[in-house]
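Enquirer: Would you mind keeping the following structure in view while I ask a few things?
The values are calculated or read from the model by the stated rules, or taken from the named source; none is laboratory data. Here the structure is a predicted model, which is why all the values come from computation and not from measurement. Every residue, glycine among them, receives a Cβ derived from its backbone with ideal geometry; neighbour counts consider all protein chains shown.
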Amino acid sequence: MRPGDGSATPVAESSPASSTAASVILVGGGKAQLSQPAVARDLYVSPQFVQRRARAEASGVPWFVVSGRWGLLDPDDLLAPYSFSFTQQSVNYRRAWGRFVAEQLCLVSSIGRGDVVEICAGAAYTSALTAPIGYLGALIRRESAGASDSAEGR
């Protein structure tokens, strides 16, 4: 928990020297997409997504794509390109989406107390996911390098 920020969610700050390995990594999708259907790992093509994906794959831990439209996606889920702006959705939508993604995560993973969920996504996704994932007892690690994502929202 960060002192003075009013948050009740424990946060494991991201650092190269962190000894706590992530249990799962969530990678935010993005606006830049292929023009034809593809699996989630390949549909998003922004340089930032490609970098985050490579880091997630190299970690050896389970990872998922988070989409403002579809929620939690397995990297092998097939989707068509789409247009959707998460940041233009209401606060209620974003809160419900965060709870939905946390529930989806429970179905595909045994995330619980003491696990670390690393979120490699822009501020809107991270904000929506922090409390619901924290409610599961997991620690949140936010990506530190390149955390802003102007293309977020898909």
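Enquirer: Of everything in the range 17-49, what is among the small types (Gly, Ala, Ser), surrounded by fewer than 16 Cβ atoms within 10 Å (Cβ to Cβ) and without any contact (Cβ under 8 Å) to a residue 60 or more places away in the chain? Give them in sequence order.
Expert: Ala17, Ser19, Ser35 - these are the residues of the range 17-49 that are among the small types (Gly, Ala, Ser), surrounded by fewer than 16 Cβ atoms within 10 Å (Cβ to Cβ) and without any contact (Cβ under 8 Å) to a residue 60 or more places away in the chain.
Enquirer: Which count do you get for residues in the range 102-114 that are at pLDDT 95 or above and buried (at least 18 other Cβ atoms within 10 Å of the Cβ)?
Expert: Selection size over the range 102-114: 2.
Enquirer: Looking only at the range 58-86, how many residues end up being under 18 Å from Ala22 (Cβ atoms), surrounded by fewer than 18 Cβ atoms within 10 Å (Cβ to Cβ) and touching a residue at least 12 places away in the same chain (Cβ under 8 Å)?
Expert: 5
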